[in-house]
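What follows is a set of notes on a single structure, which appears directly below.
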Amino acid sequence: MTRENMVKSVSRALDIIHIVGLNRDGIGVTEISNQMDINKSSVYRILSTLVQYGYMEQDPETGRYKLGYKFLDISSKLLDSIDLRSEAKPFLRELEQETNEVIHLVVFDRGEVVYIEKLEGNETLRMHSKVGKRAPMHCTSVGKAIMSHLPTSVVLEILERKGMPKHTDKTITDQDSLLKELMKVKQKGYALDMEENEYGIRCIAAPIFDHAGNVCASISISGPAFRMTDERLGLLSHKMIEVGNRISLRLGFTGSIQ
């Protein structure tokens, strides 16, 4: 819909909401009128209507307007309605189509990761993962991607409680070594599993953040070591960071992974 086809009064109300939202200390009718180049009486009528519905508040002393708490109510309903799996699904499919490899989406739960979505890709790959299954964090790319953004105290508590069992000869089983690895992961924006969980399988993952900026999930690409070469992992790293950011944005996160 072009701007010419919009309902003018609604368009103006939305423009006013935007202007007021940019001014933390509030803004007056005259200032809004000057910015929008419409008369003050029109601005006042729109503001008065918004005040009645709770979308705007007026300071009784200064007369300046601020956004009303009704927006918090609406935003909380929006956040409650956001479903990670459905929001991430288009991006998972995009990765699957581009790489033809196995794509995972996991969430963090009680010191482990839980697979909530898996796309198989077009290439044959036998993996232990399946939707609903739990996996350790210390030897999976998805687990390390999440742990890299958790407080060190939380990471140590997880390792103390879950241990660091050896899954392959390449599994990191030393706490200090893993903590150093997690620092690198956080700095780079992505994590690798170089046959640390399953022999012959390499994975690359990026974290996903919620609206509050907390790491809540991660996404990964998994494939056989002969296809997931160092060179290919390097190329995929940029895509993983991008997709992690895009999914996080859909969840309300306004920062960036890197």
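The values are calculated or read from the model by the stated rules, or taken from the named source; none is laboratory data. The structure presented is a predicted model; accordingly, all values stated were derived computationally and were not measured. Neighbour counts run over all protein chains shown; Cβ positions are idealised from the backbone, glycine included.
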Exercise. Would the stretch 28-43 turn up any residue that is modelled with pLDDT under 90, part of a loop (DSSP other than H, G, I, E, B), farther than 25 Å from Ser75 by Cβ and under 32 Å from the mean Cα position of the chain (by Cα)?
Worked result: no
Exercise. Looking at Gly255, is it of a type outside the set (A, V, I, L, M), in contact (Cβ under 8 Å) with a residue 24 or more places away in the chain and not assigned by TED's automatic domain parsing to the domain that holds Val107?
Worked result: yes
Exercise. Within the set of pairs 6 or more residues apart or between chains, which connect a residue that is hydroxyl-bearing (Ser, Thr, Tyr) inside the stretch 20-48 to a residue that is part of a loop (DSSP other than H, G, I, E, B) with Cβ atoms less than 8 Å apart?
Worked result: Ser33/Asn39
Seminar exercise, completed: Residues in the stretch 143-177 that are of a type outside the set (D, E, K, R), within 20 Å of Val106 (Cα to Cα) and not in a loop (DSSP other than H, G, I, E, B) total 8
Exercise. For Lys170, are the conditions met, namely being touching a residue at least 40 places away in the same chain (Cβ under 8 Å), out of contact with any Pro (no Cβ under 8 Å at 6 or more places or on another chain) and not acidic (Asp, Glu)?
Worked result: no
Exercise. Out of all the residues in the stretch 222-234, is one or more touching a Cys at 6+ places or on another chain (Cβ under 9 Å), assigned by TED's automatic domain parsing to the domain that holds Asn122, in a strand (DSSP E or B) and crowded, with 19+ Cβ neighbours inside 10 Å?
Worked result: yes
Exercise. Is it the case that some residue within the stretch 66-82 is part of a loop (DSSP other than H, G, I, E, B), touching a Gly at 6+ places or on another chain (Cβ under 9 Å) and β-branched (Val, Ile, Thr)?
Worked result: yes
For this session: Among what's in the stretch 146-194 and is within 20 Å of the chain's Cα centre (by Cα) and of a type in the set (Gly, Ala, Ser), pick the residue that is surrounded by the fewest Cβ atoms within 10 Å (Cβ to Cβ).
Result: Gly189
Problem set entry | the stretch 181-211, subset touching a residue at least 40 places away in the same chain (Cβ under 8 Å) and assigned to a loop (DSSP other than H, G, I, E, B), residue nearest to Gln97 (Cα to Cα) | Tyr190
For this session: Answer yes or no as to whether Glu160 is in the same structural domain as Ile103 (by TED's automatic domain parsing) and over 29 Å from Arg246 (Cβ atoms).
Result: yes
Seminar exercise, completed: Scanning the stretch 95-122 for residues that are surrounded by 19 or more Cβ atoms within 10 Å (Cβ to Cβ) and β-branched (Val, Ile, Thr), the one farthest from Asn214 (Cα to Cα) turns out to be Thr99
